[in-house]
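Asker: I have a structure here, written as structure tokens, and I will follow up with some questions on it.
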Amino acid sequence: SGMDKKKVIVVGGGITGLATAYYLQKEAREKQLNIKVKLIEASDRLGGVISTEKRDGFVIERGPDSIIARKKSAIRLIEEVGLKDKIISNTAGKSYIYARGKLHTMPEGSFMGIPTRVTPFALSGLFSPLGKLRAAGDFILPKGEPKADQSLGAFFRHRLGDEVVDNLIDPLLSGIYAGDIDELSLMALFPNFYEIEQKHRSLVIGLNKSMPKPPKTAKQPGSKKGMFISLSTGLEELIYQVESRLEEGTVMKGTAVKKVVKTGGTFQVQLETREVETADSVVITTDHFHAQSMLSDYAFMEPFKDMPSNSVANVAMAFPKSAIEKDIDGTGFLVSRSSDFRITACTWTHKKWPGTSPEDMALLRCYVGKPDDQKAVELSDEEIVDLVLRDLNKTMNITAKPIFHFVTRWRKAMPQYTVGHLEKIAYVKKQLSIELPGVFLAGGSFEGVGIPGCIDQAEAAVEKVIVHLT
Ligand code: FAD
């Protein structure tokens, strides 16, 4: 409407880039904006870390397997592309932590490892009597000094002591961020915990006051729906469906973007093929290393050079159920870092997501690659499978080799929001708006890891692009 055709280039075709392209085209249609979108992806497939394998009746996730249901942007996108019928919920079974030489059930009433009820903690074998006494310090210790940021470890160690951190909070957070709790940023990841401490002093009391109480029925057997959703046909289905709804000719695969340069009011997007595309706006949705290298002419991108990112390997293994002699009731376990294990987590996927395996089969998914054991990721498939089985047999008793396995290495795929992350992002965004107005960053490296966080950023980028172009 009254504007020339404007071209937007989306760099990267993971969930962030796909959602950006999809919502841009949708907005353009609805608001009759004259916008042309092109999505450029380096690899020969879309989806980035979202990748599903199907084999012998199994649905196997090589990357993410769970979307937190509380954050609505992912469910909205799933419904947009006609996948409402395929939404499944996880079984809210017991989960465990391996610490102090054995498996312990997760204490009831823990929220990200922070107790909200005293009794289950007092009774838990996860902590020594002294550790419990130290955790009770939360009730009496003064609140910490106001700080612009601090590590999650420093914050939780002050309130609850080392044992609760090392045996519960760290394994839980490592399962999500694959990072070192003593490096990760409180304000980037859990600013609400800081606010609770500043307001209520005690985290335990503050959480109890500020958390809506879940309905009692949620804990009763029979209504065993968990906090997560997935898709019965695998999360990659979301990728296919979004891709199929993009306008003809939107996607260019197998082509990496090398550089983005401003020339007057437009941008030159240089491809590795030496071709150059011109755009009025560019949304970069790659990891921060590639984003930095595309914008290496700009000094303000330098902070991304030293922003760490960890590697993990995911190992999926199929067994006949009969091969698992010591079966444990539950959906999986996490491992505390002090334990003599190289795996960090194991999901009994056939129990967490029952439809993903044939009736008489078991599917186990494990991770290796602790922050201080990154070399585990580079072992051969056989070595990784062997070490995983060795670790599993410390708690399980698996008498057979897997029928098949998939080992997937995700190199530098876990961006680390370390102390000061928010400031870093605020600085880069400000400089972008000054030096490269019309170029936007979105994705897992920047303002939220996790699928819903990425889709939120995509939606925000769409708004910013439209404001910039109109
Ligand atoms: P990516 O998926 O990394 O996509 C970026 C894309 O950019 C890639 O396709 C890449 O090829 C492309 N690219 C890179 N360089 C260039 C270039 N120069 N030119 C063009 N294209 C380029 N989140 C959850 O919510 N639940 C989970 O259970 C969960 N589990 C996870 C498990 C693993 C092993 C990993 C790695 C992540 C997990 N996450 C999970 C996090 C979540 O998957 C990610 O935050 C999210 O998928 C990232 O999407 P993205 O589009 O930002 O990045």
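The values are calculated or read from the model by the stated rules, or taken from the named source; none is laboratory data. Computed from a predicted structure; not experimentally measured. Here the Cβ is made from the backbone with ideal geometry for all residues, glycine too, and neighbour counts use every protein chain on show.
Asker: Residue 229 fails exactly one of the following numbered conditions: (1) surrounded by fewer than 21 Cβ atoms within 10 Å (Cβ to Cβ); (2) among the hydrophobic types (A, V, I, L, M, F, W, C); (3) at pLDDT below 95; (4) out of contact with any Gly (no Cβ under 8 Å at 6 or more places or on another chain). What is the number of that condition?
Answerer: Here residue 229 clears every test but (3).
Asker: Just need a number here: residues in the stretch 70-95 that are assigned to a helix (DSSP H, G or I), of a type in the set (Lys, Arg) and more than 16 Å from the ligand (Cβ to nearest atom).
Answerer: Total satisfying the criteria: 2.
Asker: Of the residues that make up the stretch 339-346, is at least one more than 25 Å from residue 165 (Cα to Cα), surrounded by fewer than 18 Cβ atoms within 10 Å (Cβ to Cβ) and away from the ligand (no atom under 16 Å from the Cβ)? So that I can check it myself, show each step before the final result.
Answerer: Taking the stretch 339-346 first, the residues more than 25 Å from residue 165 (Cα to Cα) are none.
Looking through the stretch 339-346, none of the residues is more than 25 Å from residue 165 (Cα to Cα), surrounded by fewer than 18 Cβ atoms within 10 Å (Cβ to Cβ) and away from the ligand (no atom under 16 Å from the Cβ).
Asker: Has the stretch 364-383 got at least one residue that is modelled with pLDDT under 95, surrounded by fewer than 23 Cβ atoms within 10 Å (Cβ to Cβ) and hydroxyl-bearing (Ser, Thr, Tyr)?
Answerer: No, the stretch 364-383 contains no residue that is modelled with pLDDT under 95, surrounded by fewer than 23 Cβ atoms within 10 Å (Cβ to Cβ) and hydroxyl-bearing (Ser, Thr, Tyr).
Asker: Here are 44, 4: which of them is assigned to a loop (DSSP other than H, G, I, E, B), among the charged types (D, E, K, R) and either in contact with a Pro (Cβ under 9 Å, 6 or more places away or on another chain) or within 15 Å of the ligand (Cβ to nearest atom) (or both)?
Answerer: 44
Asker: Can you tell which of 144, 131 is over 18 Å from residue 207 (Cβ atoms) and either part of a helix (DSSP H, G or I) or at pLDDT below 95 (or both)?
Answerer: The unique qualifying residue is 131.
Asker: Could you tell me which of the residues 53, 30 is charged (D, E, K, R), in contact (Cβ under 8 Å) with a residue 40 or more places away in the chain and over 16 Å from residue 452 (Cβ atoms)? Show your work before the answer.
Answerer: Numbers: 30 fails: in contact (Cβ under 8 Å) with a residue 40 or more places away in the chain.
Sole residue among the options that is charged (D, E, K, R), in contact (Cβ under 8 Å) with a residue 40 or more places away in the chain and over 16 Å from residue 452 (Cβ atoms): 53.
Asker: Let me ask something else about it. Could you please give the count of residues in the stretch 7-41 that are assigned to a loop (DSSP other than H, G, I, E, B) and within 9 Å of the ligand (Cβ to nearest atom)?
Answerer: So the count comes out to 3.
Asker: Tell me, which residue of the stretch 50-60 that is within 16 Å of the ligand (Cβ to nearest atom) and farther than 20 Å from residue 81 by Cα is surrounded by the fewest Cβ atoms within 10 Å (Cβ to Cβ)?
Answerer: The residue in question is 53.
Asker: Among the residues of the stretch 147-169, write down those that are out of contact with any strand residue (DSSP E or B) (no Cβ under 6 Å at 6 or more places or on another chain), assigned to a loop (DSSP other than H, G, I, E, B) and not polar (S, T, N, Q).
Answerer: Passing the criteria: 147, 148, 161.
Asker: Next up: State whether one or more residues within the stretch 411-420 are assigned to a helix (DSSP H, G or I) and within 28 Å of residue 289 (Cβ to Cβ).
Answerer: Taking every residue of the stretch 411-420 in turn, none turns out to be assigned to a helix (DSSP H, G or I) and within 28 Å of residue 289 (Cβ to Cβ).
Asker: So, one more: Quick one: how many residues across the stretch 421-449 are without any contact (Cβ under 8 Å) to a residue 24 or more places away in the chain and in a loop (DSSP other than H, G, I, E, B)?
Answerer: Counting residues in the stretch 421-449 that are without any contact (Cβ under 8 Å) to a residue 24 or more places away in the chain and in a loop (DSSP other than H, G, I, E, B) gives 2.
Asker: Okay, next question. From (1) more than 10 Å from the ligand (Cβ to nearest atom); (2) hydrophobic (A, V, I, L, M, F, W, C); (3) touching a strand residue (DSSP E or B) at 6+ places or on another chain (Cβ under 7 Å), pick out the condition that doesn't hold for residue 414.
Answerer: (1)
Asker: Which one is farthest from residue 174 (Cα to Cα), of the residues in the stretch 344-358 that are within 18 Å of the chain's Cα centre (by Cα) and part of a strand (DSSP E or B)?
Answerer: My answer is 347.
Asker: Next question, about the same structure. Could you grab the pairs with beta carbons closer than 7 Å, sequence gap of 6+ or different chains, first residue in the stretch 450-470 and farther than 20 Å from residue 280 by Cα and in contact (Cβ under 8 Å) with a residue 12 or more places away in the chain, second one among the basic types (Lys, Arg) and within 9 Å of the ligand (Cβ to nearest atom)?
Answerer: So the pair list comes out as 452/71.
Asker: Where residues in the stretch 307-321 are in a strand (DSSP E or B) and in contact with a helix residue (DSSP H, G or I) (Cβ under 8 Å, 6 or more places away or on another chain), which of them is nearest to the ligand (Cβ to nearest atom)?
Answerer: 312
Asker: While we're here: Tell me, yes or no, whether the stretch 375-382 has at least one residue that is in contact (Cβ under 8 Å) with a residue 24 or more places away in the chain and polar (S, T, N, Q).
Answerer: no
Asker: Taking interchain pairs and intrachain pairs at least six residues apart, which have beta carbon atoms under 7 angstrom, with the first residue in the stretch 390-405 and closer than 16 Å to residue 348 by Cα and the second part of a loop (DSSP other than H, G, I, E, B) and among the aromatic types (Phe, Trp, Tyr)?
Answerer: Going by the 7 Å Cβ cut-off, the qualifying pairs are 391/341.
Asker: Taking the stretch 267-306 only, how many residues are surrounded by 16 or more Cβ atoms within 10 Å (Cβ to Cβ), more than 9 Å from the ligand (Cβ to nearest atom) and touching a residue at least 24 places away in the same chain (Cβ under 8 Å)?
Answerer: Selection size over the stretch 267-306: 15.
Asker: Do we have residue 63 as within 12 Å of the ligand (Cβ to nearest atom) and not in a loop (DSSP other than H, G, I, E, B) here?
Answerer: On the way: within 12 Å of the ligand (Cβ to nearest atom): yes; not in a loop (DSSP other than H, G, I, E, B): no.
Spelling it out, it is not the case that residue 63 is within 12 Å of the ligand (Cβ to nearest atom) and not in a loop (DSSP other than H, G, I, E, B).
Each row is one residue, and each column tells you yes or no for (1) farther than 17 Å from residue 415 by Cα; (2) in contact (Cβ under 8 Å) with a residue 40 or more places away in the chain; (3) basic (Lys, Arg).
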| site | (1), (2), (3) |
| --- | --- |
| 171 | yes, yes, no |
| 189 | no, yes, no |
| 197 | yes, yes, no |
| 201 | yes, yes, yes |
